[in-house]
Structures are given as C-alpha cells and as structure tokens.
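Every read-out reported here was derived from the displayed coordinates using simple, explicitly stated rules and does not represent laboratory data. Owing to the predicted nature of the structure, the values given are computational and were not obtained by experimental measurement. Every residue, glycine as well, gets a Cβ built from its backbone with ideal geometry; the counts of neighbours run over all protein chains shown.
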C-alpha cells in the first residue's frame, strides 16, 4: 500500500499531470538539459587532467614567467596573457564608441524603414567567418596600416612608447583593429536590445522637461548603463577567445613590448599555431593549460556579462 | 537673457553634432561590410572555375581546386547537424516547456555561457576526449566539435520560438485531454517549426565558418574523404593554410575558396532574413 502511495507521489513530482508518458518525456528532456551541465563539468575535468603535468611542473610561475622556450622545456604564459589582454583592450577602445553610436542611431534616431535593413547589414558583419577576416587582414588591412596609418601615428604620436618601433603592418595594433571590427556587431546588437528595453516613458519624461534629443538619449543611456556594461563585457569575452583572424595578423612572437607596432601573441593563437606541432608531453600539457586559462577567464567574463544584461532586461521587461 | 539663449544654442548644437556622429558610426560599419564583401567578390571571381570547384589540391603551379574541401565541409556539417540539432532542440524544449525555477535558470545560464566559450577551447576539449584516445584526427572528431558549438545556439533559438507559441494553444490541447508530451510534440513544436528551422539554418551557417575547432580535430587533408575515421579537409582550414602560405597562386585560391564560403554563409543568412521578415 505505502509503495503504491510513494509511487504516486513520485509520479506527481515528475509529472504534474500524473501521466506516465509525461514523466518519461520530462525525464528525457531533463537528461539532455543536464547533459549541457555535464559538458561544462567534463570540459573542466578534461582540461585540468591534461594540463596537470604543466601545472605540477611550473605552478603559479606559469602565469608570471616570460620565457616560452619549447626546446629547453621552459613554458611561461605571460607574453600570451599580455598579448590577449592588450589586443582585446585595443579592440574595445575602438569598438565601444562605435557600437554605442550604431545602437543609438538604430534605436533612437533612424526611422523604422531604415533601421531594419541597416541593422541587418551590421548584423551581417558578425556572420563573416573569422578566417575570412584574417585573410582580409593579411592582404588588405595590414598593407593599408603599414603604408598610411602607422607612419602617421609614428609621426604625430611617436613621443608615446606605444607608437614606436619598426612599422610592418603585422602586430598588436592590426590584431586589435581586426578584433574591433569583429566585436562591434556583437556589442551593438546587445546594446540595441538594452536600449529598446528602456521604457518609452523615460524618453517622454525627458523630452517633456525640454531636453534636446541628445540629452534625452543620455537619460536612456544612464538607464541602460548596467546592460551596456554587460554588452561591453560580452564583447570582451568574445575578443579574448577570438582565434583565427588574430593569429593571421598579430605576428605570433611571444614577446612583451609596449609598442603596438611590434608582433605579439595571444593565448588562442598560441594554441592554434603550436598544438599540432607540440612535441613532448610537457609542451602539449602547457598548451592545454593555456586552453584551461582561456576557458576559465571567458566563462567568468561571460557569466558577469549575462548577469548584467539580464538585470536590465528583467527590471524593464 | 542673452546668456540663456547662448546655452540653449550650445545644447542644440551638441545634440545635432552627437546625432550626426552616431549616424556616421553606422555608416562606417556598413561601409566596412560592403568593402570587405566587394573585395572578396573582386579577388575571388578571378580564380573561380568549374575545374577549381571539383578538383583536389595540387602542388604549386599545377592548379588544383577545393572539391575535396567542399565535400569535407558538407560531411562535417552533416555530422554536426546529426548530433547538434536534435540535442539543441531538446534543450530548447526543456528550457521553454519544462525547466522552471532554479534548475531551469541554471541550465539557461550554462547554455548561455557555453555560447561564449572560445571555439578553440572546444577544439582542445574534443582533442582530449576523442583524438587522444583514438590516436588520430578524424572527421568524426571535427563533427563533434562543431556540434558542441551548434547546441547552445539551436537551444536558445528553439526556446525563443517555442515561447512565441500562444498559451491558448497549449491550454486548448490540454483541455481536450492530451498529455503534456503529446501537446508539446503534436501542437507546440509544429506551430514553432518554421522558427526552429530558421534557427537551425543560422547555426549551420555559423559553424560552417568555424576554423579553430577543426585545426586539431578534423585536421585537414589533400585528398577526397573516404572514411569518417580519417582526417578530412574543410573549406575554412584550406583557406587558412593557403592564406599563410608564401605562394601567390595559393593566395588567389584562398580568395576563390572564400568567395564560395561567403556565398554559402551569407546565402543562408539572407534566406533566413527573408523567411522571418514578417515576424521581426
């Protein structure tokens, strides 16, 4: 008798309708959903086990050592960390004002008949594959920067340490600019959603108080600030992990230099370039540890970004 | 009074300046797109020929083509769709119809963050769990890596499409005595099917441009594929290898291959846009 009762409560718990088919269906779907959680856990476990050799050997100095010398078996990731962070920051510095401008134009200014097709064209920038950006970067952007932009920067801003050194067109600046083009559609798309979620009453109130169009837009921006921060961090996450385009234009030299003209190297491009050529377990293990670092950093960065965007959309939606 | 007028003028001028700047930003982004696309078309069209589309790569100076890479990319897309689409749709169904409260929120969060994991890391992971145990690169490993990128995209679009289905349809079917699983499979999913299909197409377009996760899973090959258990060529890896090679002939072939890839990717994006234009 009690077994029957328990069976019934169990079934009720699994399926509010009390139908056996429902219970089976719900369990199946739930298993697939939990598979996603399992996938993330499996990633952490697999990446950690395979980088154990390198973690044991170098410990924390993996992150602080500048020497990356596969022949001598010395592996320090600092140049890659520097290259990744520097190229992503350059990308954000260029991309954020542009993305804000695009989102403001599409949400607040452009009439519907223009905003829709133009918005689609901006979104198409995100559909271009990374390797295509890389190809374009090698043969169009890099020569252009070498001939026109970098000499001008060196001439006018050469007193800054960032714009000194040999001008090759291949280096940190080129990588940052390519990344900027790639993250702009992503950031602007999220900012568009955030701005669209700000209630119209805010705009009406600002305009009714005699604000100009721009002053009204500033009110909207302040309102969506956490969501905009989320969009920027989302773009940062994307820039940190972007691989092919950066690998093709950044020069791939594990050296730290203040100059934006000098070649650099990112975590992702180190993995892409050296993984299949890695001879020896320690070398491979060091590369997997780079992957683990990239995974953890982007996971945290994306998590923060999602929380910020959710907050705004929940508050206003 | 005059001061007041000046300040007002300044405010208006600032407003005019800033709103012009935002328009310029948009203009610049759109021109960047057009410049890139026309450059690809201009560079690519020169080396494109029927022979190029069906031949396999040959040594420098002997021509050759991307037939094996096109076929390889199709095989990889088929494998990844076979794993990625059903799993992604199931997760989407869970998120929209079943997962409520904390567990549902947690799964949604995980799926969202999965979207943000760099594809190169996915490649390293698949290398660790498939390539190392099997001891060789394979089409299968490449397909699994692409499927992992597909799942979160398909899951989220499916969830959004299912949520667009009016509640009255679910209630109507339930009121007729259908169990929830029949309601979901027989009423809700068919109603959202066009949306789910376009989401699937976008996911396919997205992974067909992926290179990083294939570098050390599918690896690449200079021959036509014969087995799923062997390394396989793909358009993107071929473009990468040719782009960083020192030969002008291969650079020209990289542009032609890019034109083919972009036709596929943009074609899907534009078709999807055309199909969904009424809804958005």
| task | At 0.36 nm per residue, minus the direct Cα-Cα distance, what do residue B:248 and residue B:102 gain on full extension? Give it in nm, one decimal, please. | result | 46.9 nm
| request: Grab the alpha carbons of segment B:51-276, take their convex hull, and tell me the volume per residue in Å³. | output: 136 Å³
| request: Residues in segment B:114-144, backbone N under 19 Å from the label point at residue B:223 (7 Å along the Cα-to-beta-carbon vector): list them, ranges by number please. | output: B:135-142
| request: Would you mind computing, in nm to one decimal, how far apart the modelled labels at residue A:156 and residue A:281 are, each placed 7 Å from Cα along Cα→Cβ? | output: 5.6 nm
| said: I want to verify a result. In a Gaussian network model of chain B, Cα cutoff 10 Å, which of these has the top mean-square fluctuation: B:168, B:73, B:208? | reply: B:168
| request: At a temperature of 10 °C and a viscosity of 1.306 mPa s, determine how fast segment B:2-45 diffuses translationally according to Stokes-Einstein, using the Kirkwood radius over alpha-carbon pairs as Rh; express D in µm²/s, rounded to the nearest whole number. | output: 122 µm²/s
| Descending semi-axes in Å of segment B:1-146, equivalent ellipsoid built from Cα gyration tensor | 46, 33, 14
| query | Hey, with R₀ at 45 Å, roughly what FRET efficiency would residue A:218 and residue A:273 work out to, going by the Cβ-Cβ distance, to 0.05? | reply | 0.50
| Per-residue mean of other chain beta-carbon atoms within 10 angstrom of the beta-carbon, peptide A:132-141? | 6
| request: Compare A:134, A:38, A:101 in a GNM of chain A, Cα atoms joined below 10 Å, and give the one with the largest fluctuation. | output: A:38
| Estimated FRET transfer efficiency (residue A:140, residue B:263; beta-carbon r; R0 25 Å; 0.05) | 0.80
| note | Partner shielding of A:277-287, as the mean number of partner chain Cβ atoms within 10 Å, equals 1
| Rounded to the nearest whole Å³, what is the per residue volume of the convex hull around the Cα atoms of segment B:173-258? | 141 Å³
| task | Over the alpha-carbon set of segment A:213-283, work out the extent along each principal axis and list the three values in angstrom, largest first. | result | 60, 27, 18
| said: Please list, short to long, the whole-number percent of alpha-carbon pairs of the protein assembly as shown in consecutive 20 angstrom bins beginning at zero. | reply: 18, 51, 27, 4, 0
| said: I need the fraction of alpha carbon pairs in segment A:61-316 separated by more than 28 Å, rounded to a whole percent. | reply: 42 percent
| Two-decimal Rg/Rh across segment B:93-202, once Rg and the Kirkwood Rh are taken from alpha-carbon atoms | 1.10
| message | How shielded is A:21-31 by partner chains, expressed as the average number of their Cβ atoms within 10 Å of its Cβ atoms? | response | 5
| field | Separation in nanometres of the label points that stand 7 Å from Cα toward Cβ, at residue B:54 and residue A:37 | value | 5.3 nm
| message | What distance in nm lies between label points placed 7 Å from Cα along the C-beta direction at residue B:132 and residue A:55? | response | 1.2 nm
| message | So, R0 is 41 Å and r is the distance between the beta-carbons of residue B:174 and residue A:44; what FRET efficiency does that work out to, to 0.05? | response | 0.50
| remark: Out of B:31, B:15, B:245, a Gaussian network model of chain B with alpha-carbon springs under 10 Å gives the largest mean-square fluctuation to B:15
